[in-house]
Structures are given as C-alpha cells and as structure tokens.
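Visitor: Below are the structure tokens for one structure; questions will follow.
Computed from the coordinates by the stated procedures, all read-outs in this text should not be read as laboratory data. Small disclaimer: the values here were computed from a predicted structure and weren't measured. Cβ coordinates were reconstructed from backbone atoms using ideal geometry, including for glycine residues, and neighbour counts include every protein chain displayed.
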Amino acid sequence: MSHQQQLPTVLVTGGGGYLGSHMVVMLQQAGWHPVVLDNFSNCQPEVFSRIERITGEPVTVVEGDIRDASCLNRLFDSYSFELVVHFAGLKAAGESVQQPLSYYDNNVSGSLQLIQAMAYHQCKRLVFSSSATVYGAAKQMPLTENSPLGAVNPYGQSKLMVEQMLRDTAAADDEWQVALLRYFNPVGAHDSGLIGEDPGGVPNNLLPFVAQVAVGRLPEVQVLGDDYPTPDGTGVRDYIHVMDLVEGHLKAMAVLTPGHGCQAYNLGTGQGYSVLEVVRAFEQACGKPLPTRVVARREGDVAQCFADPGFSQQQLGWRAQRDLAQMVTDHWRWQQQNPQGYSS
Ligand code: NAD
Ligand code: UD1
C-alpha cells in the first residue's frame with residue numbers, strides 16, 4: 001500500500017483550477033490524500049507537476065466530468081472518501097449572461113449529479129464553493145451570512161440554486177454535513193510562484209488584469225468607473241489571499257461533524273480596498289508605474305462589497321492573516337515567473 005493510500009481521502013472536484021490547486025497543496029501538506037476530478041475545461045495538466053514540485057507528492061488525478069453519473073459512481077466505488085470539496089464549475093459572471101444554459105448545466109446539473117452520487121455512496125460531508133455573488137445587489141455592508149440573498153446574473157443564480165439544494169437535502173436528512181463557503185475576491189498565489197491563476201483570454205477580474213499589464217501582456221489597466229459613492233470613486237472589494245481562503249476550507253472540514261447540518265460561512269477579510277488602492281499596491285510590488293485609464297462602469301457592478309467575517313472567526317476559528325501587500329507580492333511573483341501562465 002502506498003503512503004497516500006493510508007491517508008484519509010478527500011475528493012476535490014475542479015482540483016486543477018486556480019483555487020482547487022492551492023487546496024490540493026494544502027490538503028497534501030495537512031496529511032490528506034486528495035483525489036482530483038477535473039474535466040480540464042479550465043485547467044492545464046502542468047499544474048499537477050507544479051503541485052508535486054511544491055509538496056513532493058504526486059497528485060491522483062481522474063479526468064472526468066461532474067455531470068457524468070457513471071464516472072462519479074466509478075470514482076466513489078474506487079475510493080472511500082471522507083468528504084468532498086466541490087470547486088468544479090464555471091465562474092465568469094459576464095459569460096453566464098451570454099451562455100446561461102452552460103452555467104445551469106455545469107454548476108447546477110453537475111452539482112446535482114455529485115450530490116446524488118454522494119447520497120448513494122453514503123458520503124454526506126461536503127464543502128461547497130459558493131460566492132459573495134449570492135448577496136446579489138445587497139445595499140447594507142458589511143455582509144453577514146444573514147444578509148438578504150439575490151442574484152444579478154445566471155452565475156449567481158446557479159450558486160443560489162446549489163445552496164438551496166444543499167439546504168433542502170440537509171434538512172431532509174440530518175446525516176448531511178455541509179459548509180457553504182461564500183468567497184469574496186480570492187487573489188494572490190502560493191508563495192513558491194509555481195501555481196497561480198491562469199485565466200484564458202482577457203481576464204475579467206481585476207488582479208489578473210493588472211498582473212498582465214505589469215508583465216507586458218496588456219497595455220493599460222482599465223478602471224471600470226470612478227464615479228461610485230466610495231472614498232476615491234472606484235469600486236471597493238474584499239480581496240482575500242488564496243492561501244487564507246484554502247486554510248478556511250481546512251477549518252470548515254474540521255467542523256463537519258454530526259449535527260452540523262448545512263451552514264454558510266463568509267470567507268473574506270472584512271477589509272475593502274478600492275481599485276486604485278489595489279493598483280498602487282501592485283505598483284509597489286512590481287516596482288514600476290502601471291499605465292491606468294478610467295473607462296465606463298461595467299454593467300452589474302456594485303460600488304462596494306465586503307464581508308463581516310465574524311461568524312467564520314467564531315465558528316471555524318479562522319481568520320485571514322495575509323494583507324494586501326502580500327496578496328499583490330505573491331500574485332506578481334507567480335505572473336513574473338510565468339508570464340504566459342502554465343504555458344510559459
Ligand atoms: P477555475 O475555473 O480555475 O477552476 C474550476 C475547475 O473546475 C477547472 O479546473 C475546470 O477545468 C474544472 N471544471 C469545470 N467544470 C467542470 C465539470 N463540469 N466537471 C469537472 N471539472 C470541471 O475556477 P476557480 O477560480 O478555481 O473557482 C473554483 C470555484 O470557486 C468555482 O465553483 C467558482 O464558481 C467558485 N468561486 C470562485 C471565485 C474566484 O474569484 N475565483 C469567487 C467565488 C467563487
Ligand atoms: C466578479 C464577478 C463576481 C465574482 C467575483 C469574484 C462580475 C460582474 N462579477 O466580481 O460574480 O463572484 O468577480 O470572482 O464579473 N475592475 C476594474 N478593471 C478591471 C476589472 C475589474 O476596474 O479590468 C473593478 C471592478 O469594477 C470592481 C473591482 O475591480 O470594482 C473588482 O472586480 P472583479 O475582480 O471583476 O471582481 P467583482 O466585481 O467583485
């Protein structure tokens with residue numbers, strides 16, 4: 001029996017993606033045997049060699065789709081999973097408006113197949129990648145887990161629907177132990193610079209866009225509106241270091257004990273930063289000024305969005321440790337060492 005086969009086993013769907021790859025590193029280092037299920041729709045095989053370089057452990061990877069029930073059944077027959085950490089899905093809010101059915105298919109149908117396979121195989125512990133997007137256009141900041149829910153696009157709707165399926169499932173069967181982790185804005189990278197976010201095409205999100213300007217792939221940072229009711233007029237968000245985020249998952253795994261039921265937890269720092277503050281911090285990290293131009297607002301954007309992380313602190317014994325300077329420094333190290341991402 002190999003070393004890994006003696007360890008507790010966890011299924012990580014989407015474990016080759018940005019957040020999932022950091023989770024796999026953390027799980028291997030915390031004494032777990034993560035088994036990745038990924039359909040490679042947004043994942044480069046190179047990521048797994050990089051993880052192995054960090055941890056010294058090979059990654060068990062199964063190529064397959066969460067929408068494929070027979071693939072899921074084979075997987076659950078082959079391994080005895082303690083629990084599932086479910087990252088797999090599509091995540092671009094703008095794209096979801098153009099291709100809503102892909103989002104309902106991958107995110108909602110896919111999650112439904114996974115939950116059904118889990119129920120059938122008596123594996124009823126799940127950590128789900130939700131998003132602060134489930135707070136819709138909430139006005140009252142900071143956001144607590146009890147803030148009103150809503151969706152402003154099909155992506156947000158898909159997260160709300162999966163949350164609801166899980167709440168209903170846990171209400172009907174008290175063996176289920178589910179953590180709905182509502183991520184704010186994950187950024188940064190592992191401090192080795194070996195793994196990080198590698199978006200295909202032009203990035204939608206601020207940090208990857210700024211990083212690609214810094215490395216010379218894009219000409220200028222576009223500030224999407226400077227007339228918001230915020231201190232400097234640009235949008236304010238709760239950026240959270242990806243390593244803090246995945247540590248939050250380990251803490252959530254630890255509270256999935258009998259009687260937990262289904263519970264949502266915010267994963268944010270509680271501190272908002274504006275677009276201009278992020279750009280300035282990145283300029284410090286990369287040691288050069290970045291060309292910046294203010295353009296029109298992006299449709300669907302809110303002025304500000306930040307968490308009240310108090311409930312997660314209290315219940316999970318977790319709080320984010322890494323500040324904005326570390327987020328941008330680590331993001332820059334990854335981008336500088338891998339100007340074209342994993343295909344560098
Ligand atoms: P990502 O695209 O980097 O990773 C997702 C992974 O899932 C990829 O490796 C992709 O190949 C895989 N995948 C997609 N559809 C699949 C399917 N049907 N079957 C099997 N594998 C599939 O995204 P990420 O940034 O790592 O996000 C992970 C999760 O966290 C997503 O559910 C996303 O909605 C959620 N989330 C992300 C953010 C963020 O800013 N990154 C914020 C909030 C929530
Ligand atoms: C986006 C998604 C949201 C998702 C979240 C985390 C949209 C409409 N929303 O939200 O569903 O949960 O990411 O992944 O896509 N900005 C710029 N220039 C850019 C890019 C962004 O100024 O090139 C600004 C935005 O207006 C915003 C801030 O930077 O104020 C952060 O934007 P982004 O990284 O896209 O995250 P969110 O808007 O929070």
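Visitor: If you take the residues in the stretch 71-126 that are part of a helix (DSSP H, G or I) and aromatic (Phe, Trp, Tyr), which one is nearest to ligand 2 (Cβ to nearest atom)? It would help to see each step written out before you state the result.
Guide: Filtering the stretch 71-126 down to residues part of a helix (DSSP H, G or I) leaves 71-78, 93-98, 100-120.
If we keep only those that are aromatic (Phe, Trp, Tyr) as well, we get 76, 103-104, 120.
On the way: Phe76: 30, Tyr103: 11, Tyr104: 16, Tyr120: 31 Å.
Across the stretch 71-126, the extreme among qualifying residues is Tyr103.
Visitor: For the stretch 248-272, which residues satisfy the criterion of being surrounded by 22 or more Cβ atoms within 10 Å (Cβ to Cβ) and within 15 Å of Asp323 (Cα to Cα)?
Guide: Hits for the stretch 248-272 are Leu267, Gly268, Thr269, Gly272.
Visitor: Scan the stretch 3-26 for residues that are in contact with a Ser or Thr (Cβ under 9 Å, 6 or more places away or on another chain) and either under 12 Å from Thr55 (Cα atoms) or of a type in the set (Phe, Trp, Tyr) (or both) and report the count.
Guide: 2
Visitor: Being closer than 30 Å to Gln336 by Cα, buried (at least 16 other Cβ atoms within 10 Å of the Cβ) and in contact (Cβ under 8 Å) with a residue 40 or more places away in the chain, is that true of even one residue in the stretch 118-130? Give the derivation first.
Guide: Narrowing the stretch 118-130 to residues closer than 30 Å to Gln336 by Cα: 129-130.
Of the ones still in play, those that are also buried (at least 16 other Cβ atoms within 10 Å of the Cβ) are 129-130.
Then keep just the ones that are in contact (Cβ under 8 Å) with a residue 40 or more places away in the chain; that gives 129-130.
The answer is yes; a qualifying residue exists.
Visitor: From the residues in the stretch 262-282 that are within 14 Å of ligand 1 (Cβ to nearest atom) and of a type in the set (Gly, Ala, Ser), which one is farthest from Asp174 (Cα to Cα)?
Guide: Gly268
Visitor: Mind listing whichever residues of the stretch 155-193 are more than 23 Å from Lys251 (Cα to Cα) and surrounded by 22 or more Cβ atoms within 10 Å (Cβ to Cβ)?
Guide: Across the stretch 155-193, the qualifying residues are Tyr155, Gly156, Ser158.
Visitor: Here is a further query. Read through the list (1) surrounded by 16 or more Cβ atoms within 10 Å (Cβ to Cβ); (2) not in a helix (DSSP H, G or I), then give the number of the only condition that Pro58 fails.
Guide: Looking at each condition in turn, Pro58 falls short on (1).
Visitor: Moving to a separate point now. Given the criteria touching a residue at least 40 places away in the same chain (Cβ under 8 Å), over 17 Å from Asp330 (Cβ atoms), surrounded by fewer than 18 Cβ atoms within 10 Å (Cβ to Cβ) and within 11 Å of ligand 2 (Cβ to nearest atom), does Asp232 qualify?
Guide: no
Results for (1) part of a loop (DSSP other than H, G, I, E, B); (2) under 19 Å from the mean Cα position of the chain (by Cα), shown as yes or no for each residue.
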{"position": "Pro208", "(1), (2)": "no, yes"}
{"position": "Gln222", "(1), (2)": "no, no"}
{"position": "Gly270", "(1), (2)": "yes, yes"}
{"position": "Ala281", "(1), (2)": "no, no"}
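Visitor: Those residues that are within 9 Å of ligand 2 (Cβ to nearest atom) and of a type in the set (Asp, Glu), I need them from the stretch 271-327; list them, please.
Guide: Listed by number, the residues that qualify are Glu299, Asp301.
Visitor: Now, a different point. Going residue by residue through the stretch 133-146, is there one that turns out to be surrounded by fewer than 17 Cβ atoms within 10 Å (Cβ to Cβ) and either part of a helix (DSSP H, G or I) or touching an Asp or Glu at 6+ places or on another chain (Cβ under 6 Å) (or both)?
Guide: Yes; the residues of the stretch 133-146 include at least one that is surrounded by fewer than 17 Cβ atoms within 10 Å (Cβ to Cβ) and either part of a helix (DSSP H, G or I) or touching an Asp or Glu at 6+ places or on another chain (Cβ under 6 Å) (or both).
Visitor: Could I ask something else about it? From Arg74, Arg67, which residue is among the basic types (Lys, Arg) and out of contact with any Ser or Thr (no Cβ under 8 Å at 6 or more places or on another chain)?
Guide: Answer to the check: Arg74.
Visitor: Then there's this: Restricting to the stretch 97-133, count the residues that are within 18 Å of Gly261 (Cβ to Cβ) and β-branched (Val, Ile, Thr).
Guide: Of the residues in that region, 2 qualify.
Visitor: Another question, then. For the stretch 85-125, enumerate the residues that are more than 19 Å from Gly300 (Cβ to Cβ) and in contact with a Lys or Arg (Cβ under 8 Å, 6 or more places away or on another chain).
Guide: Result: Asp105, Asn106, Ser109, Gly110, Gln113, Met118.
Visitor: Look through the stretch 113-144, keep the residues that are near ligand 1 (Cβ under 10 Å from one of its atoms) and not β-branched (Val, Ile, Thr), and return whichever of them is farthest from Ile240 (Cα to Cα). It would help to see each step written out before you state the result.
Guide: Of all residues in the stretch 113-144, those near ligand 1 (Cβ under 10 Å from one of its atoms) come to 113-114, 128-134.
Narrowing further to those that are not β-branched (Val, Ile, Thr): 113-114, 128-132.
On the way: Gln113: 30, Leu114: 28, Phe128: 17, Ser129: 14, Ser130: 15, Ser131: 13, Ala132: 12 Å.
So the residue we want is Gln113.
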